[in-house]
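The values are calculated or read from the model by the stated rules, or taken from the named source; none is laboratory data. Everything quoted here is computed from the prediction, not taken from an experiment. Cβ atoms come from the backbone with ideal geometry, glycine included; neighbour counts cover every protein chain shown.
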Amino acid sequence: MSSKPEKILIGHKLKRLRQSLRISQLEMAQEIKISPSYLNLLENNQRPITVNLLFKLGQLYNIDFKEFSDDETGKLTAELNEVFSDPILKSNDVTKRDIKNLANTSPTISSALLKLYDSYIKLKDGESISSKGHTTSFKPTPFETVRKFLEASKNYFPSLEQASLSIRTEAKIEDQSSIYYKLCDYLEKKLNIKVKVLPKSIMEELFSRNDQHRSRILISEALDLPEKTFQISSQIALIKFEDRIDQIISKSNFTDKEEKYLLKITLANYFGTSLIMPYDNFKESANELRYDLEILSTRFATNVDNVCQRLTTLNKKSNSGIPFFYFKFDEAGKIHNRLLSKDLKFPYSPGANSDWSVHQVFKNPGGTFVQISELEDGKKYINISKTVKRSLTSYDENSPLFSIILGCEIRYMENIIYADKLLQNKVQKISKIELGCRICGMNVCEHKEENQNFSMNFDPSIRFNGLFEFNN
């Protein structure tokens with residue numbers, strides 16, 4: 001499947017670069033050997049920036065080529081569509097063309113408008129009046145603040161990558177099939193810590209616990225071997241490298257205890273996945289196997305869920321992987337986990353489109369659902385979805401299912417084995433992903449939330465999938 005090359009409209013970044021260098025348009029134009037009038041058109045997104053000019057800018061001003069060339073127009077357009085679809089602005093008759101022009105010509109103003117709208121939503125949804133009449137202001141959850149920190153850090157932590165490699169060397173891990181036993185041996189001989197597997201009746205809902213007083217790591221017997229390995233690996237992070245983790249946390253400027261605690265667990269889990277799937281070896285295998293999730297999980301003695309999460313962390317500048325997004329949903333459509341590679345722009349809360357593969361896959365537990373999806377901005381993605389079970393299970397409990405989705409832009413399809421059949425078909429059904437019910441353009445939908453601020457048409461003489469029709 002081929003697509004037309006996108007125009008690179010990043011005039012605001014070019015202008016910001018010039019202003020940071022404190023040089024005039026005339027001076028920059030002379031340095032990059034173009035006319036001042038042409039530079040003015042570039043800065044105002046009236047002309048796209050060519051690849052040759054990008055290389056010239058990179059050579060002259062030592063910029064990060066990938067970050068600088070990342071066109072944010074599509075993401076801005078999609079987010080602005082959400083803003084102007086809010087009932088409070090709906091009556092202003094702002095067209096999608098107007099919104100796209102705003103994102104193209106005034107990205108700085110667009111970003112400021114998004115921040116203003118975000119503050120409005122937080123104030124609207126988050127403020128409440130206490131019994132004493134005082135206003136309680138909105139405060140983002142620890143999950144939101146940690147997510148933002150991960151994205152700001154490009155979801156890559158080189159100090160933890162290096163630390164995990166040092167453990168592999170000390171534990172003499174050469175064969176992935178024996179990694180669990182090697183780590184147990186390392187803990188006992190090097191750190192004088194024993195790993196003890198306890199019955200589920202004792203551990204109950206606990207996966208693992210570091211019993212510092214008795215120098216033991218306790219593991220639930222209900223976990224399979226890959227999950228036991230992951231639990232040991234993440235415990236090693238806190239035993240051996242808590243100082244490195246604390247250094248990263250100090251850069252977050254978090255003051256809330258819950259935020260720091262959650263980030264510490266998140267970074268320990270990051271270390272765990274990097275210990276099991278060392279960066280260079282894992283990326284080389286991913287390329288060789290064309291991102292076959294099942295074989296990758298077998299090769300590195302882990303599970304598909306961990307493989308998907310690891311793929312979003314391959315963000316080393318000198319050896320980066322495909323930019324993936326990852327979501328984990330429960331059967332009710334609630335998002336339990338969300339990760340992005342550093343160069344990927346994807347909505348924080350994609351709508352619950354029942355046609356999307358991450359929801360469709362629940363119809364065939366254990367299977368793999370592959371499809372192409374399209375966002376509001378027209379950007380298309382290939383999605384690979386699978387179901388996974390909860391780690392702790394027993395015969396007398398209904399094990400809840402989760403669905404995971406791994407996706408990337410369709411320009412990487414030829415590198416992914418799951419896309420082969422899609423590439424053979426000339427006509428593809430594309431799933432449209434909206435950013436939630438509030439901005440969905442469908443007037444008739446059985447899934448649309450009834451508490452949204454839309455007027456409703458009732459007509460007893462006709463029937464829809466739902467009870468009524470919405471007026472947008």
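See the values below:
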item	result
Output for the range 281-321, where each listed residue is surrounded by fewer than 19 Cβ atoms within 10 Å (Cβ to Cβ), assigned by TED's automatic domain parsing to the domain that holds Asn383 and part of a loop (DSSP other than H, G, I, E, B)	Lys316, Ser320
Check on Gly441, surrounded by fewer than 14 Cβ atoms within 10 Å (Cβ to Cβ), small (Gly, Ala, Ser) and modelled with pLDDT of 80 or more	no
Matching entry among Leu223, Leu206 (being within 24 Å of Thr273 (Cβ to Cβ), modelled with pLDDT of 90 or more and not β-branched (Val, Ile, Thr))	Leu223
Count - residues of the range 235-280 that are more than 23 Å from Arg209 (Cβ to Cβ) and part of a helix (DSSP H, G or I)	7
Some residue of the range 123-131 being surrounded by fewer than 12 Cβ atoms within 10 Å (Cβ to Cβ) and modelled with pLDDT of 80 or more	no
Contacts under 9 angstrom Cβ, first residue in the range 156-177 being among the charged types (D, E, K, R), partner assigned to a loop (DSSP other than H, G, I, E, B), 6 or more apart	Glu161/Pro278; Glu161/Thr313; Glu161/Lys316; Arg168/Glu174; Arg168/Pro278
Subset of the range 51-95 [under 24 Å from Pro323 (Cα atoms), modelled with pLDDT of 75 or more and of a type in the set (Val, Ile, Thr)]	Val51, Ile63, Thr77
Flag for Tyr156 being of a type outside the set (D, E, K, R), over 30 Å from Ser318 (Cα atoms), at pLDDT 95 or above and under 31 Å from the mean Cα position of the chain (by Cα)	no
Subset of the range 337-365 (residues that are more than 23 Å from Met413 (Cα to Cα) and either modelled with pLDDT of 85 or more or polar (S, T, N, Q) (or both))	Asn337, Ser349, Ser354, Phe362, Lys363, Asn364, Pro365
Qualifying residue in the range 192-207 (condition: among the acidic types (Asp, Glu), loosely packed, with under 14 Cβ neighbours inside 10 Å, closer than 25 Å to Val304 by Cα and touching a Lys or Arg at 6+ places or on another chain (Cβ under 7 Å))	no
Subset of the range 400-422 that is within 30 Å of Arg390 (Cβ to Cβ) and at pLDDT below 90 - its residue that is farthest from the chain's Cα centre (by Cα)	Pro400
Filter result (on the phi > 0 side of the Ramachandran plot and over 34 Å from the mean Cα position of the chain (by Cα)) within the range 163-200	Asn192
Filter result for Leu225 (on the phi < 0 side of the Ramachandran plot and surrounded by 17 or more Cβ atoms within 10 Å (Cβ to Cβ))	no
Pair list, Cβ under 8 Å, 6 or more apart: the range 234-259 residue of a type in the set (Val, Ile, Thr), other residue part of a loop (DSSP other than H, G, I, E, B) and at pLDDT 95 or above	Ile239/Leu191; Ile239/Ile193; Ile248/Phe157
Residue check, Lys432 out of contact with any Lys or Arg (no Cβ under 9 Å at 6 or more places or on another chain), among the basic types (Lys, Arg) and at pLDDT 85 or above	no
Where Leu340 falls short, out of the listed (1) in the same structural domain as Leu150 (by TED's automatic domain parsing); (2) crowded, with 19+ Cβ neighbours inside 10 Å	(1)
